[in-house]
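J.: This is the structure I want to talk about, given as C-alpha cells.
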Amino acid sequence: MTIQQRLQKIQQRIRSALEQAGRDTHVTLVAVGKTQPPRRLLEAYRLGVCHFGENYLQEALAKQKALSHCQITWHFIGPIQSNKTRDIAAHFAWVHGVDRLKIARRLSEQRPDWLPPLNICLQVNVSGEESKSGVSPPEVTDFARAVGALPRLRLRGLMALPAPAEDFEAQRRPFQRLYGLYEELADLGLDTLSMGMSTDMEAAVSEGATMVRIGTALFGPRQKTV
Ligand SMILES: *Cc1c(COP(=O)(O)O)cnc(C)c1O
C-alpha cells in the first residue's frame with residue numbers, strides 16, 4: 001500500500017468513528033515518523049499532512065534539517081530527559097508527554113523568547129497498572145495549574161498512551177477516563193486531547209480525541225535504521 005492509500009484509509013477510519021459516535025470534533029492527524037527516513041515524511045507532507053511527531057531528539061533534529069523547506073509543525077512525543085529540554089524547547093512547537101514539574105519548568109525557562117509559547121499536553125496515566133510514565137489522575141488538577149502558570153508554556157491539553165487492549169470496549173475505558181479529567185479542567189481553557197494511535201484511533205476518536213498520533217498505519221512497519 002502507498003502512503004497515499006494508507007492516509008485515505010486513516011481519514012476514513014476517523015470519519016466513520018466520528019459518525020458512529022455522533023461527534024463533529026475536528027481531529028488533527030499527527031504523523032509519527034520515528035525510524036522512517038525523511039523522504040517518507042516528505043511524501044506524507046506532499047499529501048497534506050503538516051503535523052509530525054518524533055520520539056528521539058537526534059533523529060528529529062536531523063529530519064528537521066532535511067525538511068527545513070517544509071511548513072511543518074513539529075511535535076515532540078517521546079520521553080523527555082532533563083538534559084534534552086533545551087533542544088526540545090528550541091526546536092518543537094508542541095511537547096506531549098510532560099509529566100514532571102521539573103521538566104515543565106526547564107522547558108519554560110529554555111523556550112527562546114523569539115518563539116511563541118511552547119504548546120504542552122500533560123501525560124496522564126489512565127491505564128492504572130505500573131505504567132512508568134504519566135501523572136496519576138488525582139494529581140492532574142494541581143499539576144495542570146502549576147504548568148499552566150509557567151510563562152513560556154501554553155497548556156493545551158492532556159495526552160495518554162494506554163496499555164494496548166484487544167477489544168474496543170477495553171480500549172475505550174482509559175480514553176473515557178482522560179476525557180473526564182479534561183472536562184474537570186474546563187476552566188483552564190484547554191482544547192486538546194491527544195489520544196489514539198494506529199490500533200486504537202477509533203476508540204480514542206469516539207471518546208473525544210482532538211489529536212491522534214499515527215505511525216505504522218501511515219508509514220507501515222517501523223524501519224530498523226534511519
Ligand atoms: C510510536 C508512538 C505513536 C505511534 O504509534 P503507532 O502504533 O505506530 O501508530 C504514538 N504516540 C507515541 C507516544 C509513540 O511513541
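J.: With all pairs of different alpha carbon atoms counted, what Kirkwood hydrodynamic radius in Å does the range 1-130 show?
T.: Mean inverse Cα-Cα distance, inverted, gives 16.2 Å.
J.: If you don't mind, another one. Between the DSSP loop rule and a limit of at most 16 other Cβ atoms within 10 Å, which trypsin sites (Lys or Arg not before Pro) in the range 156-226 are left?
T.: Here the trypsin sites (Lys or Arg not before Pro) that fit, given the DSSP loop and packing criteria, are Arg222, Lys224.
J.: Which one, Ala60, Ala149, Ala17, has the greatest fluctuation when you compute a Gaussian network model over the chain with C-alpha springs under 10 angstrom?
T.: Ala149
J.: Tell me, what ³J(HN,Hα) does each residue in the range 150-163 have, in order and in whole Hz, if you take phi through Karplus 6.51 cos²θ - 1.76 cosθ + 1.60 with θ = phi - 60° and put x for Gly and Pro?
T.: These are the phi-based 3J(HN,Hα) values: 6, x, 9, 10, 10, 6, 9, x, 10, 9, 9, 9, x, 4 Hz.
J.: Using amide H atoms built in the peptide plane, which far-off residues or other-chain residues are under 5 Å from Asp99 H to H?
T.: For Asp99, whose amide H was placed from the backbone, the distant partners under 5 Å are Gln123.
J.: Right, here's the next one. Over the chain, what relative contact order in percent results from Cα pairs under 8 Å that are six or more residues apart?
T.: 23 percent
J.: Rg and Dmax of the range 3-219, Cα atoms, in Å?
T.: 16.5, 46
J.: Please list, in order along the range 110-124, the HN-Hα scalar couplings obtained from phi with the Karplus expression 6.51 cos²θ - 1.76 cosθ + 1.60 (θ = phi - 60°), rounded to whole Hz, x for Gly and Pro.
T.: Taking θ as phi minus 60°, the curve returns 9, 5, x, 6, 7, 9, x, x, 6, 6, 10, 10, 8, 8, 10 Hz for the range 110-124.
J.: Given a Förster radius of 35 Å and the C-beta distance between Gln71 and Glu19 as r, what FRET efficiency does 1/(1 + (r/R0)^6) yield to the nearest 0.05?
T.: 0.70
Bear in mind that the values in this text are calculations on the coordinates, not laboratory data. Every value quoted in this text rests on a predicted model; they were computed, and no experiment measured them. We place every Cβ from the backbone using ideal geometry, glycine too, and count neighbours over all the protein chains shown.
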